[in-house]
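Notes to accompany the following structure.
The values are calculated or read from the model by the stated rules, or taken from the named source; none is laboratory data. Fair warning: this is a prediction, and the values are worked out from it, not measured in the lab. Every residue, glycine as well, gets a Cβ built from its backbone with ideal geometry; the counts of neighbours run over all protein chains shown. Just so you know, the surface numbers come from the protein's heavy atoms only, side chains and all, with ligands and any DNA or RNA stripped out. Shrake-Rupley method; radii C 1.70, N 1.55, O 1.52, S 1.80 Å.
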Amino acid sequence: KVLKQKKAPKDFEKDKRKVGKKKKAAQNDTKTDFKVRQINMPAQSVLVEKGEEVTHRKLGLLELLAHVQHHSPKVRRESFQGLRELCTLHEGVLRSNLARIIDATATAP
């Protein structure tokens, strides 16, 4: 009996291409094409007016109260200065939002 030996697969076989056929993409080929789309975020629009009650830095009451809780001491100090400016320039802000201002400043770090 004649035993047939199995042929070992070749490690680096060169693919033979037919005439007119394009080269196949490599398996580890990275796709670099991407699509760009524009998103609309109306809540963060720069064009939204903040009203008449703003500081000289154009910050309203809600921004100042949010900055009171900031981790940076400089930002917290500037927010307190802004609150003071806002309350002295616009007395109606202090009257209508006193509870909110006291609550935010009492829980400040």
Worksheet item: Where in the chain lies the longest segment free of GluC sites (Glu not before Pro) that are both loop residues by DSSP (not H, G, I, E, B) and have at most 11 other Cβ atoms within 10 Å?
Response: 53-109
Worksheet entry | Net charge contributed by nearby residues that have their C-beta within less than 15 Å of residue 22 (K/R +1, D/E -1) | +4
Practice prompt. Sort 17, 76 by accessible area with a 1.4 Å probe, largest first.
Written response: 17, 76
Worksheet, complete the sentence: The whole-number value in µm²/s of the Stokes-Einstein translational diffusion coefficient for the chain, with Rh from the Kirkwood sum over alpha carbon pairs at 25 °C and 0.890 mPa s, is 119 µm²/s
Worksheet entry | Percentage relative contact order, region 27-109, counting C-alpha pairs under 8 Å, at least six apart | 24 percent
Response to the item:
Per-residue accessible area, 1.4 Å probe, largest first, puts 37, 95 in the order 37, 95
Practice prompt. Could you please state how large a percent of the accessible area of region 6-109 is carbon and sulfur, counting protein chains only and using a 1.4 Å probe?
Written response: 53 percent
Discussion item. Can you compute 3J(HN,Hα) from phi for each residue in region 81-95, using the Karplus curve 6.51 cos²θ - 1.76 cosθ + 1.60 with θ = phi - 60°, rounded to whole Hz and x for Gly and Pro?
Written reply: 5, x, 4, 5, 5, 5, 6, 7, 6, 10, 5, x, 5, 5, 5
Practice prompt. Using just the helices of the chain, give the 222 nm mean residue ellipticity in deg cm²/dmol: DSSP H runs with n ≥ 4 each add -39,500 (n - 2.57), and the total is spread over all residues, rounded to 500.
Written response: -11000 deg cm²/dmol
Fill in: Residue-normalised accessible area of the chain, expressed per residue, 1.4 Å probe, Å²
102 Å²
